1. Residue check: is Arg95 away from the ligand (no atom under 16 Å from the Cβ), more than 30 Å from Arg397 (Cβ to Cβ) and either surrounded by fewer than 20 Cβ atoms within 10 Å (Cβ to Cβ) or of a type in the set (Asp, Glu) (or both)?
2. Output yes when any residue across region 343-354 is open to solvent by 50 Å² or more (accessible area, probe 1.4 Å), within 13 Å of the ligand (Cβ to nearest atom), outside any strand (DSSP E or B) and without any contact (Cβ under 8 Å) to a residue 12 or more places away in the chain, and no when none is.
3. Take the residues in region 355-370 that are free of Cβ contacts under 8 Å to residues at least 40 places away in the same chain and either within 14 Å of the ligand (Cβ to nearest atom) or of a type outside the set (Ser, Thr, Tyr) (or both), then tell me which one is nearest to Asp48 (Cα to Cα).
4. Six or more apart or on different chains, Cβ under 7 Å: which pairs go from a residue in region 140-151 that's closer than 12 Å to Tyr77 by Cα to one that's open to solvent by less than 80 Å² (accessible area, probe 1.4 Å) and hydroxyl-bearing (Ser, Thr, Tyr)? Could you list them?
5. Which condition from (1) more than 25 Å from Asp223 (Cβ to Cβ); (2) buried (at least 16 other Cβ atoms within 10 Å of the Cβ) is the one that Gln123 breaks?
6. With the condition being at pLDDT 90 or above and farther than 23 Å from Asp251 by Cα, I'd like the helices (runs of 4 or more DSSP H) fully within region 87-181 carrying at least 3 qualifying residues.
7. Test Val315 against the criterion of being out of contact with any Phe, Trp or Tyr (no Cβ under 7 Å at 6 or more places or on another chain), away from the ligand (no atom under 16 Å from the Cβ), open to solvent by 10 Å² or more (accessible area, probe 1.4 Å) and part of a helix (DSSP H, G or I), and give yes or no.
8. With region 372-421 as the region, which strands (runs of 3 or more DSSP E) entirely inside it contain at least 1 residues that are open to solvent by less than 50 Å² (accessible area, probe 1.4 Å) and within 14 Å of the ligand (Cβ to nearest atom)?
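The values are calculated or read from the model by the stated rules, or taken from the named source; none is laboratory data. This one's a predicted model, so the numbers in the text were calculated from it and none came from an experiment. We place every Cβ from the backbone using ideal geometry, glycine too, and count neighbours over all the protein chains shown. Note: areas computed on protein heavy atoms with side chains; ligands, DNA, RNA excluded. Shrake-Rupley method; radii C 1.70, N 1.55, O 1.52, S 1.80 Å.
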Amino acid sequence: MTDLTTRTAARPVTRCRTCRADDWQDVVSFGSVPLANGFLDPAAAYPDEPRYPLGVVSCRSCRLLSLTHVVDPEILYRDYAYVTSGSDTMVRHMRGVAETCRRRFGLAPGDFVVEIGSNTGQQLAAFQDTGARVLGVDPARNLAAVADAAGVPTLPEFFSAGTARQVARDFGRADLVLGRHVFAHIDDISGVVSGLRELLTPDGVFAVEVPYALDLVERLEFDTIYHEHLSYFLIRPLCALFERHGMRVFDIERLPVHGGSILVFAGFADGPWPVRPVVSELLRLEESAGLYGDAAYRDFARQVERTRDGLRSLVRGLVAAGERVAGYGASAKGTTLLNICGLGSAELEFCSDTTDLKQGKVLPGTHVPVRSPQAAAQDPPDCYLLLAWNYADEILRKESAFLDSGGTFILPVPEPSIVAA
Ligand code: TYD
């Protein structure tokens with residue numbers, strides 16, 4: 001493994017990773033923040049906890065939103081606590097993605113599907129159910145081993161042009177390459193897209209699912225801004241990126257997952273896929289929402305400030321009035337929200353989470369202890385701050401007994417609100 005002491009832990013972004021321009025508008029800056037998935041052992045030496053600058057800039061040329069700094073991926077991903085959710089919502093969604101690809105591109109049994117950032121292999125297992133031959137690529141060695149054991153062959157590597165060549169040589173060319181919620185995590189996306197030329201068949205499809213920056217801005221999802229998410233994509237910067245590599249976006253689906261996402265389909269410019277009208281419709285929508293100019297991002301920054309202050313006073317007010325408050329769902333966005341808002345163990349007794357790897361640890365930065373839902377249910381708080389708000393419907397349904405017994409939930413964004421039975 002690379003010796004981290006010889007690497008730069010966080011480096012400032014220079015050129016836009018989609019269009020290569022270097023004219024940035026400052027959007028927000030949250031100071032120095034710990035890593036969102038940097039869960040700690042309770043006995044860890046907290047004074048040494050690493051923090052890195054967290055801020056967002058917008059490219060005035062293509063309007064990619066980018067973090068100001070890139071943290072070394074060896075630090076972020078080699079031992080990773082993020083496990084693809086086994087929630088009903090996600091399982092349904094992953095089956096839907098496999099079904100969409102089968103239907104739209106005529107993906108047939110025996111066709112070869114490669115997933116970048118395949119985590120524990122759940123999405124690829126859904127493709128296996130449709131008869132596809134699959135291969136995962138994921139740098140988290142702990143997760144690649146889990147996927148392998150579950151019957152989803154996985155290379156424990158970062159995906160790059162070199163990996164693309166290796167996969168094509170050892171396993172053949174892919175009919176579909178999929179990247180779900182991974183593209184925003186990769187600095188050299190240009191390298192990834194150039195690798196597709198060596199990996200995809202001539203009529204192959206690259207399907208990339210990312211959170212949609214239009215939803216982020218309109219719904220004030222500022223807690224999805226953390227070190228792992230280097231880019232926040234509109235359609236326009238994605239088109240710019242693919243065009244630079246002889247590819248084009250030909251279809252897009254808007255999806256409700258993770259606070260609003262887009263599944264973008266790209267193929268080679270000389271390939272068989274006609275460009276659907278949805279592509280120009282969404283470009284027009286982005287323009288009419290003002291997202292190609294500075295003013296929308298100045299407004300966004302002002303609103304983030306308001307929500308942040310509002311949430312802090314709401315939670316502190318409840319605690320001052322004697323209520324017991326806890327977090328629900330130790331999501332990466334949740335740990336970020338707490339750190340950005342200055343809320344922590346003075347306000348939250350604990351945070352409940354279903355993930356084995358997180359239970360028994362403490363949250364990064366705030367050091368709030370993580371408990372299993374079973375332990376939490378034995379001594380429930382008066383109020384849960386919903387840190388996994390992307391599963392609000394599912395969680396509120398599941399927790400109807402807590403609500404019926406007088407418990408409440410705080411939904412943090414777009415503005416803090418209280419849900420009671
Ligand atoms: P996730 O949605 O994966 O978001 P992020 O990308 O911000 O980490 O995180 C959701 C977290 O919430 C995950 O740790 C699992 C947890 N969770 C629960 O504790 N209970 C639930 O019912 C659900 C759906 C999720």
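1. Numbers: away from the ligand (no atom under 16 Å from the Cβ): yes; more than 30 Å from Arg397 (Cβ to Cβ): no; either surrounded by fewer than 20 Cβ atoms within 10 Å (Cβ to Cβ) or of a type in the set (Asp, Glu) (or both): yes.
Judged against the criteria, Arg95 is not a match.
2. Initially, region 343-354 is screened for residues open to solvent by 50 Å² or more (accessible area, probe 1.4 Å), giving 345-346, 349, 354.
Then drop every residue that is not within 13 Å of the ligand (Cβ to nearest atom), which leaves 354.
Subsequent filtering for residues that are outside any strand (DSSP E or B) retains 354.
From what is left, the residues that are without any contact (Cβ under 8 Å) to a residue 12 or more places away in the chain are none.
No, because not a single residue in region 343-354 is open to solvent by 50 Å² or more (accessible area, probe 1.4 Å), within 13 Å of the ligand (Cβ to nearest atom), outside any strand (DSSP E or B) and without any contact (Cβ under 8 Å) to a residue 12 or more places away in the chain.
3. Let us first name the residues in region 355-370 that are free of Cβ contacts under 8 Å to residues at least 40 places away in the same chain, namely 356, 359, 366.
Subset that is either within 14 Å of the ligand (Cβ to nearest atom) or of a type outside the set (Ser, Thr, Tyr) (or both): 356, 359.
Values: Asp356: 25, Gln359: 22 Å.
It comes out as Gln359.
4. Final answer for the pair search is Ala140/Tyr77; Ala140/Tyr80; Asn142/Tyr80; Leu143/Tyr80; Leu143/Thr120; Ala144/Thr154.
5. All conditions are met except number (1).
6. On the way: elements: 88-105, 122-129, 141-149, 161-171.
Qualifying helices (runs of 4 or more DSSP H): 122-129, 141-149, 161-171.
7. Working: out of contact with any Phe, Trp or Tyr (no Cβ under 7 Å at 6 or more places or on another chain): yes; away from the ligand (no atom under 16 Å from the Cβ): yes; open to solvent by 10 Å² or more (accessible area, probe 1.4 Å): no; part of a helix (DSSP H, G or I): yes.
Against the criterion (out of contact with any Phe, Trp or Tyr (no Cβ under 7 Å at 6 or more places or on another chain), away from the ligand (no atom under 16 Å from the Cβ), open to solvent by 10 Å² or more (accessible area, probe 1.4 Å) and part of a helix (DSSP H, G or I)), Val315 does not qualify.
8. Numbers: elements: 383-386, 408-411, 417-419.
Per the criteria, 383-386, 408-411.
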